[in-house]
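The values are calculated or read from the model by the stated rules, or taken from the named source; none is laboratory data. As the structure is a prediction and not an experimental result, all values here were calculated from the model. So basically every Cβ, Gly included, is an ideal-geometry build from the backbone, and we count neighbours across all protein chains shown. In case anyone asks, the SASA skips ligands and DNA or RNA and just uses the protein heavy atoms, side chains included. Shrake-Rupley method; radii C 1.70, N 1.55, O 1.52, S 1.80 Å.
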Amino acid sequence: MIDIGIDIGKNCHVVALSGAEAGAGEPDKPEVFPVANTPAGRAGLIARLAAAGAGSCRIAIEQVGGWAGPLDRQLLAAGHQLVPIHPLRLARA
């Protein structure tokens, strides 16, 4: 199983993948990488998830809408489920 978390930013999102299928190695050491908030950057993330054999994923995402809007739509269109995390609760954790 692949665990995915995305921190949303205006120009760049930060993605954390963990799980053996993702090629990330140990679950306690996720692979973290930036994704440009551009059509090409977002499409690259979708392709990377497909190449990892992720299928339909549940993705924890910092916010829904706003700067995340285009990514939200692409992830949902690719069949993924989004689990919004309130930014204040994330900061407190």
Scope region 17-55; condition open to solvent by less than 40 Å² (accessible area, probe 1.4 Å), modelled with pLDDT under 90 and on the phi < 0 side of the Ramachandran plot; matching residues: Leu17, Ser18, Ala22, Ala24, Leu49, Ala52, Ala54
Cβ-Cβ under 8 Å, sequence separation 6+ or interchain: first residue in region 57-72 and under 12 Å from His13 (Cα atoms), partner of a type in the set (D, E, K, R) and not in a helix (DSSP H, G or I). Which pairs? Glu62/Asp7; Trp67/Lys10; Ala68/Glu62
Index of the failed condition, Cys12 passing every other in (1) at pLDDT 85 or above; (2) buried (at least 16 other Cβ atoms within 10 Å of the Cβ): (2)
